[in-house]
Amino acid sequence: MTRFVGTFEHSLDSKGRVILPSKFRAAFEHGGYLTKYHEGCLALWTPEEFEKQLDANQAGASAQPEERNLSRLFSAGTAEVEVDRQGRMAIPPRLRTFAGLTGDVLVIGATERVELWDPARWEATVEPEERQLLGTSA
């Protein structure tokens, strides 16, 4: 099982691509799945981990209309992606818009997935929680 850790600062290029950290690339040599995710970030899943996510979504999708809609939204908000030889991954425009990615991108190892964050959104969403948990001030 592949695990992802660390925080890396990168930028989108003029074609909407971001460079994945070299330590993450091997896990995506056969591509990956980029999804809309919680708090307005994007999640990049390995093919194996994405299958687990699909199975979990399908398990709940048959019970209630709300759960079926969540499963539909997950699938509809997903793009298959490739990582090129230079480690670049194109982010489709609709996903860039969802995550507010226009320039700088934080690439975050989030254990079983990689998350892509707009730095300002990360600062507003995650850092306050970090300060509270660690008992530090800004």
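The values are calculated or read from the model by the stated rules, or taken from the named source; none is laboratory data. If you're wondering where the values come from, they're calculated on a predicted model, not measured in any experiment. So basically every Cβ, Gly included, is an ideal-geometry build from the backbone, and we count neighbours across all protein chains shown.
Things to note:
- Residues satisfying the stated conditions in region 114-137, i.e. at pLDDT 90 or above and among the aliphatic types (A, V, I, L, M): Val114, Leu116, Ala120, Ala124
- Test: residue in region 82-90 that is at positive phi, surrounded by 16 or more Cβ atoms within 10 Å (Cβ to Cβ) and of a type in the set (Gly, Ala, Ser): yes
- Residue within region 44-59 that is on the phi > 0 side of the Ramachandran plot, exposed (fewer than 14 other Cβ atoms within 10 Å of the Cβ) and outside any strand (DSSP E or B) present: no
- When region 7-43 is filtered for residues that are assigned to a loop (DSSP other than H, G, I, E, B) and either buried (at least 20 other Cβ atoms within 10 Å of the Cβ) or over 14 Å from the mean Cα position of the chain (by Cα) (or both), the ones remaining, listed by number, are Leu12, Asp13, Ser14, Lys15, Gly16, Leu20, Glu29, His30, Tyr37, Cys41.
- Among strands (runs of 3 or more DSSP E) entirely within region 60-138, having at least 2 residues that are out of contact with any Phe, Trp or Tyr (no Cβ under 7 Å at 6 or more places or on another chain) and closer than 16 Å to His38 by Cβ singles out 113-117.
- Across region 93-100, a minimum of one residue is classified as over 28 Å from Asp55 (Cα atoms) and either among the β-branched types (Val, Ile, Thr) or touching an Asp or Glu at 6+ places or on another chain (Cβ under 9 Å) (or both).
- When Met89 is tested against the conditions (1) more than 19 Å from Gly6 (Cβ to Cβ); (2) of a type outside the set (Val, Ile, Thr); (3) in contact (Cβ under 8 Å) with a residue 40 or more places away in the chain, the lone failure is (1).
- Any hit, region 67-81, residues being touching a helix residue (DSSP H, G or I) at 6+ places or on another chain (Cβ under 9 Å), surrounded by fewer than 15 Cβ atoms within 10 Å (Cβ to Cβ), without any contact (Cβ under 8 Å) to a residue 40 or more places away in the chain and within 22 Å of Thr125 (Cβ to Cβ): yes
- Tally of residues being closer than 29 Å to Lys52 by Cβ and touching a helix residue (DSSP H, G or I) at 6+ places or on another chain (Cβ under 8 Å) across region 109-138: 10
- Restricting region 41-73 to residues that are more than 19 Å from Met89 (Cβ to Cβ) and touching a Lys or Arg at 6+ places or on another chain (Cβ under 8 Å), the residue that is modelled with the lowest pLDDT: Ala61
- For Leu12, the conditions (1) out of contact with any Gly (no Cβ under 9 Å at 6 or more places or on another chain); (2) at pLDDT 95 or above; (3) closer than 16 Å to Ile108 by Cβ are fulfilled apart from (1).
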